[in-house]
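Engineer: Provided herewith is a single structure, encoded as structure tokens, for subsequent inquiry.
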Amino acid sequence: MANILSAILTKNNHDAAREFATDCASLSESVMTVHDLACGYNGYRAIEGITFDLRAGERVGIVGPNGAGKSTLFKALVGLLPHQGAISIQGASCKDSHAMIGYVPQREAIDQTFPVTVWDVVMMGRARQIGYILLPRKQDRIAVRGALERVGMWPLRKRQIGELSGGQRRRVFVARALAQQASVLLLDEPFSGVDAAAETDIFQVLDVLREEGVAVLLATHNLVQAATHYDKLLLLTNGRMIAFGAPRDIYTPQNLGATFGDRIALFQEGDQYVLVPDKPCHHEDDH
Amino acid sequence: MLDTLNSWFLDPLAYPLLTRSLEAAIIVGIISGVMGTYVVVRGMAFFGDALAHAILPGIAFMYQRTNGETDELFWGGLVAGLFSALGIGFLTRHEKIREDTAIGIVFAGMFALGIAMISRIDNYAGDLTHILFGQILGVSEADLRLITIFALIVLALVALFFKEFMIISFDPVLAKTLRLPTEFFRLLLLVLIAITIVVSLQTVGIALMVALLVTPAATANLLSHRLLPMMLIAAFIGALSSVIGFYVSFHQDVATGPAIVLTATVIFGAVFAVQQAGQGITWVTLRLRDSASH
């Protein structure tokens, strides 16, 4: 079929992800709890009824079609939008806890020509620890160096941020979150505009975060990648939460139908799942 | 030859008035370079130009009140500058009005008010020229004192909050997650730019102010990819342009403001041309090497 949306999900992948999530759950406490979150613009509620939790080292995908409210949810979590409901990070209420959130901005959100180096960007993550007026101390420089080494960007520390590739730039922002000592990292569409090699790079860096116990929340609309690479998923459509849980548990025809309408269907063949568009597009040569 | 060079440099300094003017021009060159760095990296050239024009009603008001005494113009300009900067900041705080639109509204309104006020003053033409194009030879001792004090305040605040200004300029979202008072620092930056403009008014005047903010910093941007070195280079180029412009003005009988701005423009042109030539040579060398290896 010419336009099959994506690939094949093996049951083994699901099982591994679920086992990992279960392990994390048993080993660690929630680092972030979101309860009945709602927010919007100009009286219109863009998202509501969002409830989930993140545990240390967990990787959770926010999955939904364009306009589902993924970016709004991120803005609320980061503290850019006023919201109702409760967000707490490591037991602290959201007012005090935003500094524990690191985020990797979308490519277009950052001025690529700005005169800052990789080192400068990662050092920005230390601003709270350094304090007003003061200059970075030895421990700040050690933290920045450590963060850059962990994501493999230490050799490029003197490069201007605009000289980097898309994948390298995202690694720098992940290093900034590590230097910031963030408990939770938000990545808004980290795979848009990067090639397959850069995608692999980013997943390697995400593995570093897992080792560090940093919980990661990624917005994506790549359904198959989300199922194979993330521990849990939150299905979102029209600002409403459809389901939250391990991919195998929530990838049901009902949930997918509620999230994506009739555009996607899920088939099970033995141990394998196949995701296909329910109404495939026809190329001219099909006729 | 040496004597000629000596007299070329030293002749103007024999007059206290000219020494004062040179000192003022150097100070203005330095702080314009420093604040101009923020103007360039934040894409605020229009804001700088607009704010320079928006201080006109404050100057016209003080001019009327003091019957043409220039010493008090500074304070009128400062109040109008701060009012305009904070007004633009207030209008754009929720992003309901685009920043360039808010700037256009405040700038045109304030400038029109200033022109209207000046048009009611008899024999205003000559003084208006000084306001628009600068009158560096009119720098009094009191003026120089004010310029020095406010320049030191601007430089001290930039040094103290360098890190915070860099974060809010590069990544305002990070600033919010770190719970920095983003709005406070944004307004403080606008106020510091307003002070810089008022301080520089006597040197280059309203019409050319934006060049002093933008050109040295843009030149520095070609030479550095880090904020602090860019700022230091911009300050150096600003001061150098002031000194060269001052001497050119004295010896060639050209108005000082335009001489300073033209010097800054020539320095930018030279740096840009050298960089382009360097890139061209690199490109040709690589091509030649490629064709030799095939």
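Engineer: Given that compact globular proteins tend to follow 2.2 N^0.38 Å, what is the ratio of the alpha-carbon Rg of the protein assembly as shown to that value?
Structural biologist: For the protein assembly as shown, the normalised Cα radius of gyration comes out at 1.19.
Engineer: Let me ask another. Is the C-alpha gyration tensor of the stretch B:1-147 telling us rounded, prolate or oblate? Criteria: a/c under 1.5 is rounded; beyond that, a/b larger than b/c is prolate, otherwise oblate.
Structural biologist: Oblate, since a/c reaches 1.5 and b/c is not below a/b.
Engineer: As a test of the definition: which semi-axes, in Å, follow for the stretch B:200-294 when you take the square root of five times each eigenvalue of its alpha carbon gyration tensor? Largest first, please.
Structural biologist: 35, 15, 9
Engineer: In what sequence do B:D290, B:D171, A:D111 fall when counting other Cβ within 10 Å, fewest first?
Structural biologist: Sorted ascending by nearby Cβ count, the order is B:D290, A:D111, B:D171.
Engineer: Between the DSSP loop rule and a limit of at most 13 other Cβ atoms within 10 Å, which chymotrypsin sites (Phe, Trp or Tyr not before Pro) in the stretch A:90-185 are left?
Structural biologist: Hits after loop and neighbour filter: A:Y132.
Engineer: Now for a different question. Using a 10 Å cut-off on Cβ to Cβ distances, tally the other chain neighbours for every residue of A:133-140 and report the average as a whole number.
Structural biologist: The per-residue average across the peptide is 1.
Engineer: For the stretch B:2-293, what is the charge dipole size about the Cα centre, in debye to the nearest 20, if Lys and Arg each add +1 at the Cβ and Asp and Glu each add -1 at the Cβ?
Structural biologist: Magnitude of the dipole: close to 1080 debye.
Engineer: Determine the alpha carbon to alpha carbon distance for each of A:K75/B:K176; A:K232/B:K176; A:K138/B:K176 and list only those over 21 Å.
Structural biologist: Pairs exceeding 21 Å: A:K232/B:K176; A:K138/B:K176.
Engineer: Another question, if that's okay. Quick check on chain B: take the gyration tensor over C-alpha atoms, sort the square-rooted eigenvalues as a ≥ b ≥ c, and tell me if it's rounded (a/c under 1.5), prolate or oblate.
Structural biologist: Verdict is oblate for chain B.
Engineer: Can you grab the distance from the C-alpha centre of the stretch B:10-33 to the C-alpha centre of the stretch A:100-148, Å, no decimals?
Structural biologist: The two parts, judged by their Cα centres, are 39 Å apart.
Engineer: Towards the positive end of the charge dipole of chain B, with charges on Cβ (+1 Lys, Arg; -1 Asp, Glu), say which of B:G257, B:L213, B:V158 has the farthest Cα.
Structural biologist: Selected residue: B:V158.
Engineer: Also, I was wondering about something else. With charges set only on the Cβ (+1 for Lys and Arg, -1 for Asp and Glu), what does the dipole of the protein assembly as shown come to about its Cα centre, in debye to the nearest 20?
Structural biologist: My answer is approximately 860 debye.
Engineer: Please rank A:I101, A:I142, fewest neighbouring Cβ atoms within 10 Å first, as an exposure proxy.
Structural biologist: Placing the least packed residue first, the sequence is A:I142, A:I101.
Engineer: How many angstrom lie between the Cα centre of the stretch A:60-76 and the Cα centre of the stretch B:236-294?
Structural biologist: With the stretch A:60-76 and the stretch B:236-294 each reduced to a Cα centre, they are spaced 49 Å.
Engineer: Moving to a separate point now. Using the 10 angstrom Cβ neighbour count as an exposure proxy, how do B:R120, B:R20 rank, fewest first?
Structural biologist: Fewest-to-most Cβ neighbours within 10 Å comes out as B:R120, B:R20.
Engineer: With n ≥ 4 as the cut-off for DSSP H runs, can you work out [θ] at 222 nm for chain B, using -39500 (n - 2.57) per run divided by the number of residues, rounded to the nearest 500?
Structural biologist: Counting only the DSSP helices, I get -28500 deg cm²/dmol.
Just so you know, all these numbers are worked out from the coordinates, no wet-lab data involved. All figures in this text were calculated on a predicted structure; none of them were measured in a lab. All Cβ positions, even for glycine, are placed from backbone atoms using ideal geometry, and neighbour counts span all protein chains on display.
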